[in-house]
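Data first, discussion second: the structure below is written as structure tokens.
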Amino acid sequence: MNAVLSHINNVYLVGIGGIGMSGLARYFKRKGCEVAGYDKTPGPLTRELEAEGISIIYDDDSTLIVPPFDGENAREDTLIIYTPAVPAESEIIRFFREAGYQLHKRSGVLGLLSKDMHTIAVAGTHGKTSTSAMIAHILKHSGHDCSAFIGGIMTNYKSNVLFGRQNTLVAEADEFDRSFLALHPDIAVITSMDADHLDIYGDKSRLEESFSLFAGQLHRSGVLIRKSGLPLSQPALIYALHPGKGIDAAAGNIRIENGDYVFDYDGNVLIENIRMIFPGSHNVENAVAAITAALQLDIAPGRIKLALEAFRGIKRRFEYVIREPELVFIDDYAHHPRELDACINSVRQLYPGRKLTMIFQPHLFSRTRDFADEFAASLGKVDELILLDIYPAREKPIEGVNSSMLLDKIPLKNKRLSSREEIFSHVNRMETDVLVTAGAGDIDRLVTPLKKHLLL
């Protein structure tokens with residue numbers, strides 16, 4: 001562990017239920033620290049953490065904080081980690097500041113953990129979770145021990161964190177709040193740079209500037225791997241879905257066989273007939289990036305192929321909930337127009353000619369406002385749309401921005417707004433062919449009830 005963190009015995013996480021924060025909670029718990037935290041509401045992740053022996057409170061009330069975090073002694077061996085998703089005016093954050101505790105942002109702690117490790121960092125507005133998970137799995141499956149912090153639950157490991165004894169770290173590098181600038185990787189992968197988080201960046205040019213800064217933070221002997229077409233000037237290995245001029249690595253001979261994607265990796269080596277049960281042409285492209293990174297770590301091509309064929313995906317990334325001949329139910333994290341496009345295109349490739357019904361929960365008022373026309377174009381590609389209210393997350397409402405406004409823009413006849421309670425009256429097995437739930441809010445809490453409803 002980094003020298004700054006080596007003396008830490010107690011860790012409190014404000015916003016512990018987030019995917020990144022929960023990974024740190026598990027890491028420090030595994031290291032033998034006393035770990036506790038706060039989150040606004042309970043959920044699947046917090047329940048898992050509680051089952052692992054981590055104490056969590058759900059009221060923003062500092063009187064509920066118990067020793068050794070209660071302010072009696074602001075000891076040097078106690079670390080408070082917070083996420084920007086929790087408002088700065090939170091009573092618990094204010095309590096820890098006034099009590100004199102060490103407070104660090106999640107990104108800063110990840111930066112400290114990675115400082116003395118050989119770090120592979122994966123950034124991108126889309127694709128970073130799948131790509132970082134594939135890299136971590138390839139290393140682990142191939143006998144190259146590593147630690148990993150991933151922004152999703154890896155199905156193979158039922159966790160978002162891996163613990164390794166060797167000095168290799170795979171980290172998902174988040175562009176939100178410029179968090180990835182805390183990392184100085186040995187290998188950096190950049191999967192995409194589409195406009196997003198404009199509430200933070202203001203415009204796309206500032207987002208691109210931040211990615212350029214991230215690429216510039218590579219160690220002197222480091223390697224940058226990036227998708228083709230990105231506006232970056234640093235020397236890099238360039239990958240793409242299809243071969244072309246200036247492309248160092250791509251997929252070839254892509255086909256679908258019995259629902260699996262099969263392809264050849266065409267780079268400085270040729271790896272033929274890789275079969276992936278993790279669906280989607282966008283995930284074939286992510287696999288090309290992951291293979292390119294693994295080859296930089298001297299993983300043998302044969303081992304890479306075996307590892308990818310054993311990779312079972314990530315929870316809420318094109319995750320099959322029901323997969324029957326007459327009924328398919330997929331849950332996906334897509335919350336940006338380009339992610340919706342990738343999800344919908346993959347469904348159309350896998351299930352041509354079948355009726356596609358999507359239940360979509362917009363995420364953030366600002367994102368819905370900034371990309372309303374793009375969302376409308378993407379959502380207009382389904383056959384039937386059920387639109388839920390906007391999930392606000394950290395935001396307050398914006399006047400005139402709501403799901404009704406978005407619905408009016410969507411060029412689709414078969415569309416409707418729905419409350420969560422009404423969903424079940426709109427969805428039934430007889431009329432459902434291929435159903436997709438999509439969004440980054442709490443729509444995942446509808447998945448199990450919908451599954452039970454459809455299987456009645």
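The values are calculated or read from the model by the stated rules, or taken from the named source; none is laboratory data. Quick caveat, the model's predicted, so the values are computed rather than measured. Neighbour counts run over all protein chains shown; Cβ positions are idealised from the backbone, glycine included.
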Q) Could you say whether any residue in the range 326-336 is touching a residue at least 40 places away in the same chain (Cβ under 8 Å), farther than 25 Å from T368 by Cα and not assigned by the TED database to the domain that holds V434? A) no
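How do the strands (runs of 3 or more DSSP E) wholly within the range 349-419 filter down when requiring 2 or more residues that are touching a residue at least 60 places away in the same chain (Cβ under 8 Å): which remain? Spell out the reasoning first.
Details: elements: 356-360, 384-387, 415-417.
The qualifying strands (runs of 3 or more DSSP E) are 356-360.
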Q. Considering the range 1-53 alone, what residues qualify as being aliphatic (A, V, I, L, M) and over 19 Å from K158 (Cα atoms)?
A. M1, A3, V4, L5, I8, V11, L13, V14, V35, A36
Q. Quick check: anything in the range 153-161 in contact with an Asp or Glu (Cβ under 6 Å, 6 or more places away or on another chain) and modelled with pLDDT of 95 or more?
A. no
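In the range 420-440, which residues are touching a Leu at 6+ places or on another chain (Cβ under 8 Å), in a loop (DSSP other than H, G, I, E, B) and at negative phi? I'd like the intermediate steps shown before the answer.
Step one: of the range 420-440, the residues touching a Leu at 6+ places or on another chain (Cβ under 8 Å) are 420, 423-424, 427-429, 432-439.
From what is left, the residues that are in a loop (DSSP other than H, G, I, E, B) are 420, 427-429, 432-433, 439.
Passing the criteria: R420, V427, N428, R429, T432, D433.
Specify which of the listed residues (A148, A121) is in contact (Cβ under 8 Å) with a residue 60 or more places away in the chain and either surrounded by 24 or more Cβ atoms within 10 Å (Cβ to Cβ) or of a type in the set (S, T, Y) (or both).
Working: A148 fails: in contact (Cβ under 8 Å) with a residue 60 or more places away in the chain.
Selected residue: A121, the only one of A148, A121 that is in contact (Cβ under 8 Å) with a residue 60 or more places away in the chain and either surrounded by 24 or more Cβ atoms within 10 Å (Cβ to Cβ) or of a type in the set (S, T, Y) (or both).
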**Q.** Residue in the range 432-451 that is modelled with pLDDT under 90, surrounded by 15 or more Cβ atoms within 10 Å (Cβ to Cβ) and of a type outside the set (G, A, S) present
**A.** yes
Q: Return the pairs, sorted by first residue and then second, in which the second residue is of a type in the set (K, R), the first residue lies in the range 26-54 and is assigned to a loop (DSSP other than H, G, I, E, B), the beta carbons are less than 8 Å apart, and the residues are 6+ apart or on different chains.
A: G43/R445; E52/R26; E52/K29; G53/K29; I54/K29
Q.
Considering only residues that are out of contact with any Pro (no Cβ under 8 Å at 6 or more places or on another chain) and either closer than 16 Å to V86 by Cα or of a type in the set (S, T, Y) (or both), which ones fall in the range 5-23?
A. S6, Y12, L13, V14, G15, I16, G18, I19, G20, M21, S22
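With G152, G143, G246 as the choices, which residue is closer than 27 Å to R367 by Cβ and either assigned by the TED database to the domain that holds I120 or among the β-branched types (V, I, T) (or both)? Please lay out each step first, then the result.
Working: G143 fails: closer than 27 Å to R367 by Cβ; G246 fails: closer than 27 Å to R367 by Cβ.
Among G152, G143, G246, only G152 is closer than 27 Å to R367 by Cβ and either assigned by the TED database to the domain that holds I120 or among the β-branched types (V, I, T) (or both).
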Q: Please enumerate the residues belonging to the range 193-206 that are surrounded by fewer than 22 Cβ atoms within 10 Å (Cβ to Cβ) and more than 20 Å from R394 (Cα to Cα).
A: D194, K204, S205, R206
Q.
Given the options F311, F360, name the one that is over 22 Å from I271 (Cβ atoms), crowded, with 22+ Cβ neighbours inside 10 Å and modelled with pLDDT of 95 or more.
A. F360
Q | Every residue from the range 253-304 that is of a type in the set (G, A, S), at pLDDT below 95 and on the phi < 0 side of the Ramachandran plot | A | S281
